[in-house]
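Undergrad: Structure below; questions to follow.
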Ligand SMILES: [Cu+2]
Ligand SMILES: [Cu+2]
C-alpha cells in the first residue's frame, strides 16, 4: 500500500495510485471521469470505424450482419452513456465548484461513488462482447426485439443491467450537483450571477433527476421480461411494444438536452472570453436554457410519427417540436451577438466553440424538417436522421466538449495543450465530420435506411458512402493529434498561468493547477463575470490595464487550517458490490435452494455493497 | 486562377459522381402519386426556407468572425444585450415556423384517412420478408389472394394498407410512393390469423400514378437481415392488374409424383410454403403460387434467376443471414438432382 500520512487531528492523505482510488476531491474525480470517458469514447469510435469500413462499399463482406448490429448498437449506447454524458460530468466536477466559489461538492464521497459506479457500469454494459455477443437491438432497443425470443444472447441483458447501474451513477451525480449549486455558492453568487456553464449544469441536473427514473422503469420491464418471463412487451400475452417507445422517448428526448445543454454552457463561457465581451443577453440565454429544459419533456413522440399515433397526436407533437426551435435559435443569435463588436482571439478552444455554432445551426435546421410528420415519414429511420443527430451531437456536443477540454485543461492539469496540434485536431475533425455526416443527408433522402449492414450497388449510394467513410477516418486521425497532444503536454515542463486566456469567471482567479482546497479564501462575489470586473472594473469601456496580476501557478504555502473531506475507499467498495450484484444475475454459479436458482456472485456482491455502505456510514470523520 | 480551376474541376467531378450513379430507385424526390409528392413538396418548402436561414445566419456568423478578429490588444465595449433585439429574434423564427406548421397540419389531416374508393390490402411483416393479403379490390375480385415480396397495385388507384407484424416491428416503406409506417406485432385470433382490427394494426394509404416497378425496404431494425428485407411494388395499368389478379388466383398444380423433387416438395417444403391448388398450405414462409412470374428472390434480395434459386435451395442460410428457412434446409438437405428439379418446377409456376 502507498504512503498513509495520518496523525490524529490531521486529515488523512494518500499519494500515488492510492490517492486516485480513495479520492473524494472533485478535481481528481473530474480528471478520472474525463480520461475514463475518453477511453470509452475511443472504443465507441473504433466500433464505428469498423462499421464505416463495412459500408464503404456496396455488398461488402467485411463483417457479418450479426456483428454489424452489435457494433452499431454498442457505438450508439457507448457514445451517449459512456462518452458524452460522463464527459459532461467531468466538466461538472472540474468546473462547477470552482465557478461557484466552493471547496468541493455537497457530497464528496457520493461523488466518488458516482464515478466508480459509472466505471463498473460501463464495463458491465460491455460484458456482452465476452459472453457471445453484445447488445444488438439498436441504442433505443425497441421492444420486442429485445425479448429473449428475438435476441437470445446475454447482450441485451447486459444492456439493461449496465444502464440500470449507470442510472445510479447519473442520478447520484445529478442530485449532488443540483444540491451543490443550490447550497454551496459563495456569498454574493446569486443565481443570476452564476456563470452560464454552471447554469446549464443546473438545468441538466434537474433534467437528469426526472429523466433517469423513467428509463429505469423501462429497463426494469425489459429485464423482468427477459429474466423472469414477465409480459410487458409480449404481444401474445397482451403486452404492448409501443409502451416501450413512449417510456424510452419520455426519457430519450430530455436526454438529448442532457447531452447538449452542458456543451452549450461550455460554449457560452468560451465565446465571451475569447471575444473579450460579456455574454450577450445573459438572462435570455439562461432562460432559453430553462425553457428548453421544460419543453424537452413535451416533444418525445416526434420520434414515433411512423407508429401511427393518429392525426391529432401527430399535430400536437409537431407544434411542440417546432416551438422548441425558438429558444434554441435565441441561444444561437445571442452567441453571434456576443461575437459582434468583440475582439476575437482565435485560440484552439475558440476554434471548437465556433465550430460548434457553425455545425449546430445545420443540425437545428434539419431538425425542423422532421418535426413535420408528412416530411418525417420519408426521413425517419434513414441516414438523414443519422446526419441530423450527428450534427447536433457530434457537431454540437462533442465540439463543445473538446472546446471545454482545451479551455480548462491548463486550469485543472496545469499545462497548456499545444496550439498547433490543437488546431490540426480541429481542422481534421471539422472537415472529417462534414465529409462523414454531410453526405448522409443526401443518401437518406435518396432512400437509404439506417442500420443496414449492406446495400446493393444499384441503389446509387456507393459514392457518398465511400466519402462518409473517408470522413470517419479523417476524424479518427484528428483524435490522434489530440492524444499526441496530451502525451507531449504531459512530458513538457511548461506550466500554465493562472489566467492564460484573460477570462471572466472566478475559476481563473486562482492558481493553475487549482490547489486542492480551491480557494485559499472563499471569495465574495460582487458581479456577474466577477473576475473580469476585478481585473478591469465594471465600466462599459474599460482600458486593457488589469488591476491585478496573474494568479500564477504556485500554491501559496500550505493551508493546513482549511478543512477538506477525508479520502475514502468505501465508495469504490460499494460501487464494486453494486456492479457484482447486478452482473452476477447473469453469471453462474447458481445455487439451487428452495427451488430457486440463487446467483452466488450477486449474493457476494450484495454483501460487499452492504459492507461498503456500512463502512461508509461509520467512517470516522476528521475535524 | 489555378484555385478557381481546381474548384471547377472539383465541382464537375462531384456532379458526375452524383449523376453517374445509375439510378436512384428509392429517391424521395423523384416520386409518384399524391402522398409522396405531397411529402416531397412539404420537404421542399422547409428545405428552401432553411436554406435561406442557413445562408443568412452562417453568413452573418462568418462575417462577424472575420470582421472582429483581434488585431492588436484592443478592448471592445462591454455590451450586455438589448431586449428589443431579443424580442425580434424570438418572434422572427416563431413566425417562420408557423409558415411550415400550417401546411404540415393540413397535410397530416389530408393523409389521415383513405379515399372511399380505396382498395384494401393487408401487409404482414415477417422476419425478413413481406406477405400481402388482398382483401378488397372494388370491381376486381381479389379477396383471398396471398402473395409475397412483390406487390401489385393498379395505377391511379388509392390503396389502403393494414399493416401488422408476425414477430417484431417492421416498417413498410416504398419511398417513391410514400413515407413509411410501422407494421407492429399484434396478437392472433382464435383462428390462428393475425388480428387485423387490433388497435395496433396500422393504416396507411398510398397511390402510385405512373406504372412501373418501385423499390421498397423495411425501415425499422428488425434483426439480423433487416437490411435484406426489401420489396418491390409493381404499379400496373388497371387491365394488367386485373389480369395479374385472375392469373394469380388460378390454381397451380404439383409436378408428377415421379419428379425427383416431388417428395421433398410435398413434405419438407409443404411445412412452410403454400401453393394454390396444391396440397402445399404452409404459412411459415412466403406463398409460392405462380412463383415463376416473380422477378426477385428472398424478399427482393436477389434476381430470380435459375442460378440464384438453385443456390438458395442449396444453402439459404449462406445467402441470407439468419433466415428461417435455413433452419430446415441446410447444405446437403437437398441433392443436386432435387435442387435441379425443384428449381425447374418453381420457375415453371406461371
Ligand atoms: Cu428527440
Ligand atoms: Cu427491418
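Undergrad: Binning every alpha carbon pair distance of the range B:119-249 at 5 Å from zero, what are the percents per bin?
TA: Bin by bin from 0 Å, the calculated values are 2, 11, 22, 25, 20, 13, 6, 1, 0.
Undergrad: Still on this structure, I have one more. Cut-off is 10 Å between beta-carbons; in what order do A:517, B:63, A:409 appear when sorted fewest neighbours first?
TA: B:63, A:517, A:409
Undergrad: Can you tell me the Rg and the Dmax, both Å, for the Cα atoms in the protein assembly as shown?
TA: Computed over the Cα atoms of the protein assembly as shown, radius of gyration and Dmax are 30.7, 105 Å.
Undergrad: Take the alpha carbon gyration tensor of the range A:489-544, find the square roots of its eigenvalues, order them as a ≥ b ≥ c, and report rounded if a/c is under 1.5; if not, report prolate when a/b exceeds b/c, else oblate.
TA: Details: a/c = 3.85, a/b = 1.54, b/c = 2.49.
The shape class here is oblate.
Undergrad: Let me ask another. Let me have the relative contact order for the range A:359-408, percent, based on Cα pairs under 8 Å that are six or more residues apart. Show your work: numbers first, answer last.
TA: Details: 26 pairs, mean separation 24.0, N = 50.
RCO, the range A:359-408: 48 percent.
Undergrad: Here is a further query. What shape does the range A:25-545 take by its C-alpha gyration tensor, where a ≥ b ≥ c are the square roots of the eigenvalues and a/c under 1.5 counts as rounded, a/b above b/c as prolate, and the rest as oblate? Don't jump to the answer; show the numbers that get you there.
TA: Working: a/c = 1.62, a/b = 1.51, b/c = 1.07.
Here the range A:25-545 falls in the prolate category.
Undergrad: So what does the Cα-only Debye profile of the range B:202-350 read at q = 0.11 Å⁻¹, as log10 I(q)/I(0), no solvent term?
TA: Per q value, in the given order, log10 I(q)/I(0) is -0.47.
Undergrad: Gaussian network model of chain B, Cα springs within a sub-10 Å range: biggest mean-square fluctuation belongs to which of B:204, B:265, B:49?
TA: Between B:204, B:265, B:49, it is B:49 that shows the largest mean-square fluctuation.
Undergrad: Sticking with this structure for a sec: Assuming 1.306 mPa s and 10 °C, estimate D for the range A:438-550 with Stokes-Einstein, Rh taken as the Kirkwood radius over Cα pairs, in µm²/s. List each step's numbers first, then the result.
TA: Details: Rh = 19.4 Å.
Once the numbers are plugged in, D ends up at 82 µm²/s.
Undergrad: Further question on the same structure: List the equivalent ellipsoid semi-axes of the range A:156-273 in whole Å, largest first, each obtained as the square root of 5λ for an eigenvalue λ of the Cα gyration tensor. Mind dumping the intermediate values first?
TA: Working: eigenvalues 267, 39, 23 Å².
Computed over the range A:156-273, the values are 37, 14, 11 Å.
Undergrad: Please report, to one decimal in angstroms, the Kirkwood hydrodynamic radius of the range B:260-347 built from all distinct Cα-Cα pairs.
TA: Working: mean 1/r = 0.0774 Å⁻¹.
For the range B:260-347, inverting the mean 1/r across all distinct Cα pairs yields 12.9 Å.
Undergrad: Under 8 Å for C-alpha pairs, at least 6 residues apart: give me the relative contact order for the range A:413-499, rounded to a whole percent. Please list the in-between numbers first.
TA: Details: 83 pairs, mean separation 47.4, N = 87.
This gives 55 percent for the range A:413-499.
Undergrad: Post the alpha-carbon centroid distance, the range A:573-590 to the range B:114-129, in whole angstrom.
TA: 48 Å
Undergrad: For each of B:310, B:320, A:277, count neighbouring Cβ atoms within 10 Å of the residue's Cβ, then give the residues from fewest to most.
TA: Details: B:310 16, B:320 24, A:277 27.
If I rank by nearby Cβ atoms, fewest first, I get B:310, B:320, A:277.
Undergrad: Provide Rg and Dmax in Å for the range A:566-623, with only Cα atoms included in the calculation.
TA: Values for the range A:566-623 (Cα only, Rg and Dmax): 14.2, 52 Å.
Undergrad: Still on this model: Hey, any idea what Rg/Rh is for chain B, computing Rh the Kirkwood way over Cα pairs?
TA: Numbers: Rg = 27.0 Å, Rh = 23.9 Å.
Using only Cα positions, Rg/Rh for chain B is 1.13.
Undergrad: Follow-up question, since we're still on this one. Once each part is reduced to its C-alpha centroid, what is the distance from the range A:170-224 to the range A:359-392 in angstrom?
TA: 28 Å
Undergrad: Okay, next question. Just how far, in whole angstrom, is the range B:188-241 from the range A:491-533 if you go by their alpha carbon centroids?
TA: Their Cα centres are 63 Å away from one another.
Undergrad: For n ≥ 4 DSSP H runs only, could you compute -39500 (n - 2.57) per run for the protein assembly as shown, divide by its residues and tell me the 222 nm figure to the nearest 500? Spell out each step's value before the answer.
TA: Values: 28 runs with 495 residues, N = 973.
That comes out to -17000 deg cm²/dmol.
Undergrad: Quick one: compute the contact order of chain A, relative version, from alpha carbon pairs under 8 angstrom and 6+ residues apart, as a percent.
TA: Working: 1082 pairs, mean separation 106.8, N = 623.
Taking the mean separation of contacting Cα pairs over the length of chain A, I get 17 percent.
Undergrad: What is the order of A:39, A:123, A:525, fewest Cβ neighbours within 10 Å to most?
TA: Details: A:39 13, A:123 16, A:525 20.
Least crowded to most crowded, the residues run A:39, A:123, A:525.
Just so you know, all these numbers are worked out from the coordinates, no wet-lab data involved. Not measured: the values here are computed from a predicted model. Methodologically, a virtual Cβ is constructed for each residue, glycine included, from the backbone with ideal geometry; neighbour enumeration extends over all protein chains shown.
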